[in-house]
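Structure first, commentary second.
Values quoted throughout were computed directly from the atomic coordinates according to the rules given, and no laboratory measurement underlies them. What you see is a predicted model, and the numbers here were worked out from it, not measured in a lab. Cβ: placed from backbone, ideal geometry, glycine included. Neighbour counts: every protein chain shown.
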Amino acid sequence: MPSRTESIVWGVVFVVLMAFAVPWFLWGSSNVVAGLPVWLWWHIGWMVVASLAFAVFARRGWGVWMGGWSA
Amino acid sequence: MTLSGFGGSGAGVFTPAPLQTATDVPLQMGIIVVYLLIALAVGVVAYRLTDRTAEDYYLASRTLGTVVLLFTTFATLLSAFTFFAGPNIAYANGPEWILVMGLMDGVIFGVLWYVIGYKQWLVGKAHGYVTLGEMLGDRFGSPALRGTVALVSLFWLFPYVMLQQVGAGGALEALTNGAVPYWAGASLITVFMIVYVVLSGMRGVAWTDTIQGLFMLTMVWAATLWVLSQVGGIGAATDALAASNPEFLSLGGGVYSVPWMLSQAIGIAFGVAMFPQVNQRFFVAGSEKVLKRTLALWPVVVLLLFVPAFMLGAWAAGLGVPMPESGNILPGVLVEYTPTWFAALVIAGAMAAMMSSSDSMLLSGSSYFTRDLYRPYLNAAASERREDLIARAGVAVFATLSLVASLFNPPSLFTIGDTAFGGFAQLALPVIVALYWPRTTRRGMFAGVLGSQLFYMVTTLTPAAGSSTTLGPLVIPGVPETFAGWSSSVVGMLVGLLLTVGVSLLTAQATAERPALLSGPSEADD
């Protein structure tokens, strides 16, 4: 059964993934690099990071929060 | 700006422009007929592989693999919307919609995929559940709750299916310059869907969705690369946009406020997870491995589809492509920069995409009706074989009724269909509370489900604040639809959460309730 620490760590990871999918800190920025706005590049990179994070979660964290199901 | 203006993923009434001369009509009809025949052929093959039981019909006996599960969920969710409404929003307001959809479908839905989906998969596999209502009804020892969840879902689903048929009829009419009238187009598509959904069930639907999803992805990239090569590359396209609409390249502004973006992303993501055809897919994975792989692929697939599709819409604004009469920018761009046959192929793909959403909705709508209403209330002793027959008949009845509705297309049903995502989103938090908190009580569930529905319906389906409408002798006053910028969908979710938790704390569990069903075998006390 996953530990309490794991449950908390993965909860934080998910919240961070959701919080920065939109680069709020670039609000109002209109810089363009290589044909696309910088904020869109951030989003593209972030989605790749999210995919990797989900892949790691599937390997290492799968089963957290499932209570009696994750024997 | 209201939520209803943008519907949600898969939303959609669209009418492609009459973008070509009569000589192209045979080609376009040819493409559509070929697609219909492929779908039918897949249906026949799937039918031959099918056991004659309801579980196999609805869930392909819980055996779907990664690619099929990924694409069937994907094609179901994101079809007609990606093709039309998304680029339209980017054309009118700027490409920030990519961020909203990425957050919504790539990340939040990914997390819900685990939080709701995996848990439902575990429970469903252990106890043989086919629908959400069935699972909740069992846990709370309440057939009434089961029926309520099914009724609420069907209330929002039916007009939404109707919208797809309205769209299909309109699309065929525009595509053929009126040679195929609206009623004939809607009927043709409906009959084909009935035949292959009735025959093949989940397996056939999932396979056609997979073909569909791959086709969609290929066409979007081909279209983007084609247009960019015509206008001198990505740099030139974005420079044109910077010159004509500099505010589009700046993050935020216009409709894009923080509460609006978050309301859209949160409201639609949670709504998607409760849409019957998506929620039911949580029960169909063949193994844990399939769920895991799908989760990891999700954000990347979302990215691959949305960035090119929505940027095309934004670039079109910079390139000065006028909005066609049909009100959809994508056909406008394609006509301007690509040969007619290619534009036709993309439009036909969109038609087919709409069908791949509708077929899944028919199948799950029918299952909600047979499992949660027919069996518990009308014929509890139905055999497996009989239930399977009823399920197939249910698809035909559901599709026929919504076709009849689409021929009249009453404005009230139109509004309900257009706000369906928010309606489904109201179910999400009571369900999550039930899945994770053993103290949840039956009364808490009823309060959360019915209270949030009431709140959402009152705020959404009544006139806007400040105006009023009369219904016979009644004067219905306007009610606000947003609260400090937040949509009534998100505020309603909060209402549902508070009601579920609050009433559960104040009430005791009924003796028929079985919290151990959801909390898992190693914490089971019975």
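The table for this structure:
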{"item": "Contour excess over end-to-end distance, with Cα ends at B:Glu288 and B:Ala516 and 0.36 nm allotted per residue", "result": "79.9 nm"}
{"item": "Global size of the stretch B:382-445 as Cα Rg and Dmax, reported in angstrom", "result": "17.7, 47"}
{"item": "Order by protection proxy (mean Cβ within 10 Å, highest first), peptides B:458-469, A:30-41, B:191-202", "result": "B:191-202, A:30-41, B:458-469"}
{"item": "Where labels lie 7 Å past Cα in the beta-carbon direction, separation of A:Ser30 and B:Ile234 in nm", "result": "2.1 nm"}
{"item": "Translational diffusion of the stretch B:68-156, µm² s⁻¹ [Kirkwood Rh, Cα pairs; Stokes-Einstein; 37 °C; 0.692 mPa s]", "result": "211 µm²/s"}
{"item": "C-alpha long axis of helix B:143-175 to longest principal axis of chain B, angle in °", "result": "10 degrees"}
{"item": "Listed peptides B:91-98, A:60-67 by packing density, highest first (mean Cβ within 10 Å)", "result": "B:91-98, A:60-67"}
{"item": "FRET efficiency, 1/(1 + (r/R0)^6) with R0 45 Å, evaluated for B:Val33 and B:Ala464 via beta carbons", "result": "0.55"}
{"item": "Estimated vicinal HN-Hα couplings, Hz - the stretch B:375-392 in sequence order (Karplus 6.51, -1.76, 1.60; Gly, Pro = x)", "result": "5, x, 9, 10, 8, 5, 8, 4, 6, 4, 4, 5, 4, 4, 5, 4, 4, 5"}
{"item": "Estimated FRET transfer efficiency (B:Val67, B:Val475; beta-carbon r; R0 56 Å; 0.05)", "result": "0.50"}
{"item": "Shielding by partners, peptide B:233-239 (average Cβ within 10 angstrom, other chains)", "result": "3"}
{"item": "Cα-derived Rg to Rh of chain B, Kirkwood definition", "result": "0.96"}
{"item": "Efficiency of FRET between A:Val48 and A:Glu6 - r from beta-carbon atoms, R0 35 angstrom, step 0.05", "result": "0.90"}
{"item": "From phi via Karplus (6.51, -1.76, 1.60), per-residue ³J(HN,Hα) for the stretch B:129-134 in Hz, x at Gly/Pro", "result": "6, 10, 10, 4, x, 4"}
{"item": "Share of Cα-Cα pairs in the protein assembly as shown lying beyond 45 Å, as whole percent", "result": "13 percent"}
{"item": "Amide H contacts of B:Leu64 (H built 1.01 Å from N, under 5 Å, at least 5 apart or other chain)", "result": "B:Gly286"}
{"item": "Dipole in debye (nearest 20) - chain B, about Cα centre, beta carbon charges: Lys, Arg +1; Asp, Glu -1", "result": "1120 debye"}
{"item": "Inter-chain shielding of B:472-485 (mean C-beta neighbours from other protein chains, 10 Å cut-off)", "result": "0"}
{"item": "Label-to-label distance, nm, for residues given as B:Tyr47 and B:Thr507 (7 Å Cα→Cβ offset)", "result": "4.6 nm"}
{"item": "Where labels lie 7 Å past Cα in the beta-carbon direction, separation of B:Leu450 and B:Ser244 in nm", "result": "5.4 nm"}
{"item": "Inter-part distance where the stretch B:234-275 and the stretch B:414-484 are each reduced to a Cα centre, Å", "result": "26 Å"}
{"item": "HN-Hα J in Hz across the stretch B:424-438 - Karplus 6.51, -1.76, 1.60, θ = phi - 60°, x for Gly and Pro", "result": "6, 4, 5, 6, 4, 6, x, 5, 5, 4, 4, 5, 10, 10, x"}
{"item": "Dipole moment magnitude, nearest 20 debye, the protein assembly as shown about Cα centre, only Lys, Arg, Asp, Glu C-beta charged", "result": "1300 debye"}
